[in-house]
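K.L.:
The structure is given below, and queries will be raised subsequently.
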Amino acid sequence: VDYGDLAFDYAKIAEFPEALTAHIRGILDAGAATITLGGDHYISLPILKAYAEKFGPVALVQFDAHSDTWVDDDMGRIDHGTMFYKAVKLGLIDVERSVQVGIRTVNPDTMGIATIDAREVHLEGPVKTARKIKEIVGDAQVYMTFDIDALDPAYAPGTGTPVWGGLTSAQAAIMLRDLAGINLLGGDVVEVSPPFDTTGSTSIAGAHVAMEMLCLWGWTRR
């Protein structure tokens, strides 16, 4: 398909998820880890496949406005609203040790993953919330995914599906720093959309989150 200067090779697009899994697999086999910058949140699924191959099912710590566990049993397709449904179905996630934080949309089925919604964070505060997250994951091996829309649009407007009532950047910073000591294997920061990020504030927030993840990974490896 050719739209002037834009050409789309759909065969190549279809090959990307497995190519991403293979790329992450190679990094993990080399004894390193990944903090991946996205991009569409669906990238978490092919990344999780590589992590689960090496480490077994991992605890998922997901900062997000949406649960992303909508039902879709077609494992051959992938999008940013169903990938954690599929991750559970494929046995990639240790559901009992996983938690979603900042949720403020309605999905009746979170596939058994614990939820700490945005209201609870606001009412209980980030310190208590971080303590609850650590209690849930315990000593499990953790993969962390941070959808930038976990933050309120006031702090991260440059994203495709903003939802009001979200986390502040200060709350996110406190929680991430107070999670020091969890056994973080890797993570991703996703859904930053430069065309919507007219002030650059969303990119700044995403960069800070990625840096905090690097520090969490290094904390137990100093």
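The values are calculated or read from the model by the stated rules, or taken from the named source; none is laboratory data. This is a predicted model, so every value here is computed, not measured. For neighbour counting, all protein chains shown are included, and Cβ atoms are generated from backbone atoms with ideal geometry for every residue, glycine included. Side chains are part of the model used for accessible areas, which takes the heavy atoms of the whole protein and leaves out ligands, DNA and RNA. Shrake-Rupley method; radii C 1.70, N 1.55, O 1.52, S 1.80 Å.
K.L.:
Consider the range 144-155. How many of its residues are open to solvent by less than 10 Å² (accessible area, probe 1.4 Å), of a type in the set (A, V, I, L, M, F, W, C) and either free of Cβ contacts under 8 Å to residues at least 24 places away in the same chain or in contact with a Leu (Cβ under 9 Å, 6 or more places away or on another chain) (or both)?
P.N.:
Going through the range 144-155 one residue at a time, the tally reaches 4.
K.L.:
Right, another one. Name the single residue that is surrounded by the most Cβ atoms within 10 Å (Cβ to Cβ) among those in the range 167-219 being of a type in the set (Val, Ile, Thr) and in contact with a strand residue (DSSP E or B) (Cβ under 6 Å, 6 or more places away or on another chain).
P.N.:
VAL209
K.L.:
Follow-up. Can you say whether ASP72 is modelled with pLDDT under 95 and within 26 Å of GLU96 (Cβ to Cβ), as far as the supplied structure shows?
P.N.:
yes
K.L.:
Another question, if that's okay. Mind checking which residues of the range 87-103 are without any contact (Cβ under 8 Å) to a residue 40 or more places away in the chain and open to solvent by 20 Å² or more (accessible area, probe 1.4 Å)?
P.N.:
Result: VAL88, LYS89, GLY91, VAL95, GLU96.
K.L.:
Taking interchain pairs and intrachain pairs at least six residues apart, which have beta carbon atoms under 6 angstrom, with the first residue in the range 193-222 and farther than 26 Å from VAL142 by Cβ and the second of a type in the set (S, T, N, Q) and open to solvent by less than 20 Å² (accessible area, probe 1.4 Å)?
P.N.:
Cβ pairs passing all conditions: SER193/THR159.
K.L.:
Would you pick out the residues in the range 195-215 that are under 15 Å from the mean Cα position of the chain (by Cα) and either in a loop (DSSP other than H, G, I, E, B) or aliphatic (A, V, I, L, M) (or both)?
P.N.:
Listed by number, the residues that qualify are ALA205, ALA207, VAL209, ALA210, MET211, MET213, LEU214.
K.L.:
Here is a follow-up. Residue check, LEU90 against (1) farther than 15 Å from ALA59 by Cα; (2) out of contact with any strand residue (DSSP E or B) (no Cβ under 8 Å at 6 or more places or on another chain), all met but one. Which one?
P.N.:
Answer for LEU90: the failing condition is (1).
K.L.:
List the helices (runs of 4 or more DSSP H) that sit entirely inside the range 74-162 and contain at least 1 residues that are farther than 18 Å from TYR51 by Cα.
P.N.:
118-124, 126-137
K.L.:
Another question about this same structure. For the list (1) within 22 Å of GLU212 (Cα to Cα); (2) crowded, with 19+ Cβ neighbours inside 10 Å, I need the number of the one condition that GLY39 fails.
P.N.:
Every listed condition holds for GLY39 apart from (2).
K.L.:
Select from the range 13-55 the residues that are outside any helix (DSSP H, G or I) and touching a residue at least 40 places away in the same chain (Cβ under 8 Å) and write down the one among them that is farthest from the chain's Cα centre (by Cα).
P.N.:
This residue is ALA33.
K.L.:
Mind checking whether some residue in the range 124-143 is more than 14 Å from VAL99 (Cβ to Cβ), at pLDDT below 95 and more than 16 Å from the chain's Cα centre (by Cα)?
P.N.:
Scanning the range 124-143 turns up no residue that is more than 14 Å from VAL99 (Cβ to Cβ), at pLDDT below 95 and more than 16 Å from the chain's Cα centre (by Cα).
K.L.:
Here is a follow-up. Can ILE78 be described as among the hydrophobic types (A, V, I, L, M, F, W, C) and in contact with a Leu (Cβ under 7 Å, 6 or more places away or on another chain)?
P.N.:
Yes: the conditions hold for ILE78.
K.L.:
Oh, and also: When the residues of the range 122-135 are narrowed to those that are free of Cβ contacts under 8 Å to residues at least 60 places away in the same chain and open to solvent by less than 40 Å² (accessible area, probe 1.4 Å), which ends up farthest from PRO46 (Cα to Cα)?
P.N.:
GLY125
K.L.:
Scanning for something charged (D, E, K, R) and either at pLDDT below 95 or farther than 15 Å from MET144 by Cα (or both), does the range 176-184 turn up at least one residue?
P.N.:
No - not one qualifying residue is present in the range 176-184.
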